[in-house]
Structures are given as C-alpha cells and as structure tokens.
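Values in this text are rule-based calculations from the coordinates and carry no lab data. Source: prediction; values computed, not measured. For neighbour counting, all protein chains shown are included, and Cβ atoms are generated from backbone atoms with ideal geometry for every residue, glycine included.
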Amino acid sequence: QTLALLLLQVAYVVGCGTPAVKPDTNRVVNGEDARPHSWPWQISLQVKHGSRFHHTCGGTLIGPRWVLTAGHCIWPGDVYRVVLGEHDMSKEEGTEQIRDVLRIIVHPNWDIDFVAAGNDLALLKLDKSPIMSDSIGVACLPEAGEIPTHGSPCYISGWGNLYTHGPMPDRLQQALLPVVEHSVCSRSDWWGINVKSTMICAGGDVVSGCNGDSGGPLNCLGQDGRWYVQGVTSFVSSRVCNEVKKPTVFTRISAFTEWLSDVMLRY
C-alpha cells in the first residue's frame, strides 16, 4: 500500500494525466477519430511477423519505462515492440518513438483458457525511456480500491476494428463509454457471473470497443482535472462489438495496485 502510494506520488511529479493537447470530449458518436496526441499515454503494441511488425493491441504508458497492457495480448515466444507518440498508422508523423521490450511480466493468475477469472494484465519494461513530449506522456493511476461511479463518462481509445469484422482504422479512435456499476453489469441478462468485482464495465449501448482495442486504456477524468486510466480493455461480446447489455469489460487497475507496485519495484 505504501509502495503504491509512493509510485502514485512519483507519477504526479512527472505530471501524469495532463495532455498538452486536450481530448475532444464534445462530440459523442459511435467512435470517432481522436484529436491527434490527446491521449499521449496510448501506445501501439506491435508483434513481429516475419521481418515486419504489426499492431496487435493497445497499451498505456504508466511510468517512464513501463507499459500496461492485457495478459491476453502476450503470447510466449513472440517478439514485441512499443510505438509511442503514434496517431496515424499510415504515415510517419515525426512524433513516433519506437522502443524494444526488455521484459514482459504477465499477471501470475492470468489464464488464457479462463478469461472470466480476470487478472488480464501484463507489464512491459521498455529497453529505455522515451523522450517525453507533447505527444508522449504518462497516465495517472487510481488509488487502490477506487471504483468509478455508475455513469461516469470515460473514454476508450485504440486502433480497434470500427465495427464487427470491420477494417482497422489508421487513425487513433476514441469513444465515450459511461461506466456501468458491477451490480448492474453482473445481472443475468447483462454479463452475469462472467464479470468479477476486479473488473469494470463501460458502455453497453451501440458504442463499444472492438478487437484491436484489447489492452488499451479506459480513460476517466478525475476531479482534479487529470486523466486516470481506470481500466485495461479485456473482453467484448464474441458475437458483435456493439451489443446492448454487453458492455466492454476492463480489468480494474485499482484492484491490482499492489501487484503493479511490486513488479515495477522488483524489475
């Protein structure tokens, strides 16, 4: 607990959760292009296929050399890299920085065959810190046990499919997903027992995350005016992306503060 608070304070010192470019929170449609570099902690996790790297998941820069993503994004033996400062995948914008992954620590209780058990987290240690800029910054982490209230306006961001079996967009997308409290999300006609108290649900109408958004952040504005990453995208309905009463489900970061602290201090 003390270590967790210490890390939170360190994050404050480096000015977490305060993007130089303010996110566009005015329009609310079924997902839209994000304002370039308004989510500066959003990274692209890329996996090597042959001689080339391809986007596979999102992730969040939570410390100078630490990226948080989902456990299900990591496959043993694969080679990964992290691209920071990315917005439009189709072109070089001059803001991108590429870092190799030095170490991967998947949560010890994550089980790819039992997604509903939770613990869908992985920490990636970068080979070296990126140079912080208007396009690259660190997200704030919530305090241990903090749970966003029902209806809180949070934003998902990522390069996920725009709709079921749709194309992957070139430009970073965002969508407003209001938080659905656990007592609602765990109802039998919602997600039922698939949703644990260590998870957060958000959305559940026509707007939802899709495949490529896995591992990416659920960005929620704190009362202090900073952006906090409250969740890591874990799963959506396997039938369609945007299913009523099937909100996107996230691993709740505040349930894993101690684990995050332990790993970042140990490595």
- prompt: Sequence-distant or interchain residues sharing an amide H contact under 5 Å with W41, placed H: which?
  reply: G137
- prompt: If the viscosity is 1.002 mPa s and the temperature 20 °C, what Stokes-Einstein diffusion coefficient in µm²/s follows for the range 94-175 when Rh is the Kirkwood radius over Cα pairs?
  reply: 129 µm²/s
field: K245, K128 arranged by Cβ crowding within 10 Å, fewest neighbours leading
entry: K128, K245
statement: Amide H proximity to G231 below 5 Å, modelled H, separation 5+ or other chain, gives L218, I253
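Calculated from DSSP H runs of 4 or more alone, at -39500 (n - 2.57) each and per residue, what is the 222 nm mean residue ellipticity of the chain, nearest 500?
Numbers: 3 runs with 26 residues, N = 267.
Helix-only estimate at 222 nm: -2500 deg cm²/dmol.
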statement: Residue by residue through the range 46-54, the couplings from Karplus 6.51 cos²θ - 1.76 cosθ + 1.60 with θ = phi - 60°, in Hz, x for Gly and Pro, are 10, 10, 7, 10, x, 9, 10, 9, 10
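Just how large is the dipole of the chain about the Cα centre, in debye to the nearest 20, putting +1 at every Lys and Arg Cβ and -1 at every Asp and Glu Cβ?
220 debye
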message: Just to be sure I understand the model, the point goes 7 Å from the Cα along the line to the Cβ. What's the resulting D33 to S129 distance in nm?
response: 3.3 nm
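At a Förster radius of 22 Å, what calculated FRET efficiency corresponds to the Cβ-Cβ distance of D24 and T149, to the nearest 0.05?
Here the calculated transfer efficiency is 0.45.
May I ask you to sort M264, M132 by Cβ crowding, counting other Cβ atoms within 10 Å and putting the fewest first? All intermediate terms of the calculation are to be shown ahead of the outcome.
Details: M264 20, M132 17.
Listing M264, M132 from fewest to most nearby Cβ atoms yields M132, M264.
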statement: the range 135-196 and the range 242-267 have their Cα centres apart by a whole-number Å value of 11 Å
Fully extended contour minus Cα-Cα distance, from E92 to R266, at 0.36 nm per residue: 59.1 nm
- prompt: Which of these values of log10 I(q)/I(0) by the Debye sum over Cα atoms at q = 0.07, 0.09, 0.10, 0.12 Å⁻¹ was calculated from the structure shown: (i) -0.26, -0.43, -0.53, -0.76; (ii) -0.20, -0.34, -0.43, -0.63; (iii) -0.29, -0.47, -0.57, -0.76?
  reply: (ii)
The chain, relative contact order [Cα under 8 Å, separation at least 6], %: 22 percent
query: Which one of G192, S44, L123 is farthest out on the positive end of the charge dipole of the chain, using unit charges on Cβ (Lys, Arg +1; Asp, Glu -1) and the Cα centre as origin?
result: L123
statement: Treating every alpha carbon of the range 25-97 as one equal point scatterer without solvent, the Debye formula yields log10 I(q)/I(0) values at q = 0.12, 0.15, 0.26 Å⁻¹ of -0.38, -0.58, -1.30
field: Within straight-line cross-link reach of K246, aspartates and glutamates at Cα separation under 14 Å, skipping those fewer than 8 residues along the same chain
entry: E181, D189, D205
field: Descending semi-axes in whole angstrom, ellipsoid equivalent of the range 71-114, from the Cα gyration tensor
entry: 28, 12, 9
- prompt: What are the lysines whose alpha-carbon lies under 17 Å from the alpha-carbon of K245, with same-chain residues fewer than 8 places away excluded?
  reply: K196
